[in-house]
1. Any idea what angle helix A:424-435 forms with the longest principal axis of chain A, computed on alpha-carbon atoms, 0 to 90 degrees, nearest 10?
2. Taking θ = phi - 60°, what integer Hz values does the Karplus form 6.51 cos²θ - 1.76 cosθ + 1.60 yield along segment A:239-246, in sequence order, with x for Gly and Pro?
3. How far, in degrees from 0 to 90, does helix A:3-13 lean away from the longest principal axis of the Cα atoms of chain A, to the nearest 10?
4. Can you give the mean number of other chain Cβ atoms that lie within 10 Å of the Cβ atoms in peptide B:5-16?
5. Between A:Q250, A:Q189, A:Q14, where does the largest GNM mean-square fluctuation fall for chain A, given springs only between Cα atoms within less than 10 Å?
6. If one takes the longest principal axis of the Cα atoms in chain A, at what angle in degrees, from 0 to 90 and to the nearest 10, does the Cα axis of helix A:150-160 lie?
7. For the residues A:S435, A:S303, A:S409, what sequence is obtained by ranking on other C-beta atoms within 10 Å, fewest first?
8. May I ask you to derive the relative contact order of chain A, considering only C-alpha pairs under 8 Å and at least 6 residues apart, and to give it as an integer percent?
Amino acid sequence: MHAITALQYALEKQGLRPIVYVTQPRLADGRISKMPVVTNLTASRALVARALGINDHRSAAAIYAGRTAAPVAPVVTTTAPVQEIVIKGDEVDLTALPALTQHVGDPGPYLTAAHATTYDPETGVDNTAIQRCWIKSKRRMTYYPYPASHNNRNMRKFWAKGDDCPVVFWIGHHPAVLMGTQAKLGYPQSHWSACGGVIGEPLRLVRSVTFGDKIMVPADAEIVIEGTVPRDVLEADGPFGEYTGYSGPQVAAPVCDVACITMRRDAIYHDYGSGLTDMLVPDNMAMEGKVYSIAKAVAPALSNVYVPAQGRRFHAYLQFNNPGPGEARDAMTAALAYRRLKLAVAVDDDIDIFDDNEVLFALATRVQWSRDSFTLDGLSGSMLDPSTPMGAKTHSKMAVDATLPLPPSPGAPRPVPPRSAVPSDALEAAAKLISGVNTQGWPTL
Amino acid sequence: MSRAPEVLRPGAPWEKTGNASWTQCGHCANWFPVGGELLARPQVKLHCPTCHTEFLAADAARLIKAG
Ligand SMILES: [Zn+2]
């Protein structure tokens, strides 16, 4: 039941982030599934960057921001691998999918990499977001579009007209496409075009079997589940182990009655380890792009952004190249307006933002807390944040300026002590020396 | 001394200010930090850590004093 997720935790504990591919997963009822499971596909930043054609994950923020700002329209095809197999009506069996029960407290198997695609009935514009789905029976699952989400908005519009809401869930694709569809967009704004911008080519779409061109689906996905969300029907969903690393409470969720499942002949089931780097990395990298574009608009000296998985989705490190007066604070104020972020830390470009030791060094040596930090109360945030005060609808956020003061005049040093360093040639020689030493057999200290 | 010492003054209470005084060696043009206690004794020569020239603070190429 929990074996595959446990494997991800055990690997993570050792700092290992390989892709996990299971050829004979056991289903919730004990049967062995013929469909393999892939998970941990996006646990490594390096691997996700490579999938996007980016050499170094540390340069992804600006590149991702640039690509999402240059959308590429999708193309429609009629030859879709994802429709090689079409299962309709009573033949549909969600319980045959090797969906995992991940955490203690989860009530059953969940689809965790299901991209729910709906459309705005007023404009016809598509929206896509990953939404958890609890498989309750062969043809019914709950799914949970967060109240503030665009999919929830679309569903409410259909319901307000007295209609059921059409929805498709697609699972499994090239990691670049998974990243592309996570772009943080306005409403209504097509995720297909944004995805095309991210992957640098038009995304191949095909008409869904049930809804035709009303809802298109990625032609090269692994699995598609098509159904309707009956008006005003809500069922209990959860608890569910969330990205916060805590179990989110049971909620009243809409249901999807499934009309059709299509898949590749050799379909692979994709699972995201919820709350693990597997799920945090792609979303956080997309966040980096968004935060970069928001903050760069007010602070041209911003050079990079990192949303570390160890801060879940709540922390961002902002790096600057000689920020002018007020610039770091301007950037952090803009960044904190972004939904889930609740801590922004500004550092100079001598600090490696991808190394927490370096960021802590800057915090320890460049910050007087009352002078260099400020809090902002009453901003929107994540209601899943376990520290949210009782009854609160908004959050308290903080910015810390850990940059150095500016030089008093051109050519003069900054008015602070210089950072200790050894000459770079000596450092290189030392690293070379160590690399040739066999440390096997050294005592564990 | 080619010019008068420059004195840093704090800005608004929320603005970052440093606490270090720096001097520039007139011989090699390198900068190094000097403490206020040393600068308070103008007869004690400063010692450039790069070229090892000794000079009085009054003869520094530049002297930027914190506070
Ligand atoms: Zn000198």
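What follows is calculated from the coordinates using simple rules that are stated; it is not laboratory data. Worth saying up front: this structure is predicted, and the values here are computed from it rather than measured. FYI the Cβ positions are ideal-geometry reconstructions off the backbone, even for glycines, and counts take in every protein chain you see.
1. 60 degrees
2. Whole-Hz 3J(HN,Hα) from phi for segment A:239-246: x, 8, x, 9, 5, 6, x, 10.
3. With both axes taken from Cα atoms, the answer is about 10 degrees.
4. On the way: counts 0, 3, 1, 5, 1, 0, 2, 2, 2, 8, 8, 16.
Rounded to a whole number, the mean comes out at 4.
5. A:Q14
6. Approximately 40 degrees, to the nearest 10.
7. Lowest count first: A:S435, A:S409, A:S303.
8. Once divided by the residue count of chain A, the mean separation gives 15 percent.
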